[in-house]
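Read the structure below first, then the notes.
The values are calculated or read from the model by the stated rules, or taken from the named source; none is laboratory data. Keep in mind it's a predicted model, so treat the numbers as computed, not measured. Don't worry about glycine lacking a Cβ; one is built from the backbone with ideal geometry, like all the others, and counts go over all protein chains shown. For the accessible areas, the whole protein counts, side chains as well, though only heavy atoms, and no ligand, DNA or RNA atoms are used. Shrake-Rupley method; radii C 1.70, N 1.55, O 1.52, S 1.80 Å.
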Amino acid sequence: MPEHGTMLIRMRVGEAMLAGTGARVAVNEYFESKGQLPQSGDEAGYPRNDAPGGEHVSAIEIREKGVVAITLVKDDYLPQGGEVRFTPAAEAGAKTLSWKC
């Protein structure tokens with residue numbers, strides 16, 4: 001049973017990572033056009049999404065410094081819910097971002 005639970009948690013996190021793709025694209029496009037990171041989803045043209053689709057994701061938002069936060073719903077395998085965060089990073093003079101999860 002523990003292996004089954006671990007697999008289900010991985011699936012939920014994978015769903016969250018996929019659900020956050022649009023927000024990461026918005027941050028990338030903002031960075032490419034402005035040369036800096038957005039401070040909010042509104043600034044990046046991606047307002048907080050409280051209905052992101054997907055059974056296990058309850059919200060997606062872009063926070064200060066372009067951080068993308070995906071909130072997971074609470075369930076039997078994630079009793080406290082959870083959050084997957086992607087933090088953008090750019091080398092000096094870079095035109096594109098790299099992401100840390």
Practice problem: Determine if segment 10-17 includes at least one residue that is surrounded by 19 or more Cβ atoms within 10 Å (Cβ to Cβ), of a type in the set (G, A, S), within 19 Å of K100 (Cβ to Cβ) and touching a residue at least 60 places away in the same chain (Cβ under 8 Å). | Solution: yes
Practice problem: Taking G45 as meeting all but one of (1) open to solvent by 70 Å² or more (accessible area, probe 1.4 Å); (2) over 14 Å from the mean Cα position of the chain (by Cα); (3) on the phi > 0 side of the Ramachandran plot, write down the number of the exception. | Solution: (1)
Practice problem: Report whether or not V25 is of a type in the set (V, I, T), farther than 19 Å from T96 by Cβ and out of contact with any Leu (no Cβ under 7 Å at 6 or more places or on another chain). | Solution: no
Quiz item: If S98 satisfies every condition in (1) open to solvent by less than 50 Å² (accessible area, probe 1.4 Å); (2) of a type in the set (G, A, S); (3) in contact with a Pro (Cβ under 9 Å, 6 or more places away or on another chain) but one, which is the exception?
Solution: (1)
Quiz prompt | Unmet requirement for T21, which otherwise passes all of (1) within 30 Å of T6 (Cβ to Cβ); (2) polar (S, T, N, Q); (3) over 8 Å from the mean Cα position of the chain (by Cα) | solution = (3)
Exercise. Scan segment 23-58 for residues that are at pLDDT below 90 and of a type outside the set (S, T, N, Q) and report the count.
Key: 9
Quiz prompt | Selection count, segment 55-81, where residues are open to solvent by 50 Å² or more (accessible area, probe 1.4 Å) and either closer than 30 Å to M7 by Cβ or not basic (K, R) (or both) | solution = 8
Quiz item: Mind checking which residues of segment 82-95 are open to solvent by less than 80 Å² (accessible area, probe 1.4 Å) and at pLDDT 80 or above?
Solution: G82, E83, V84, F86, T87, P88, A89, A90
Quiz item: When both residues are 6+ apart or on different chains and their Cβ atoms are under 7 Å apart, which pairs have a first residue that lies in segment 87-101 and is farther than 11 Å from F31 by Cβ, and a second that is in a loop (DSSP other than H, G, I, E, B) and not small (G, A, S)?
Solution: T87/V67
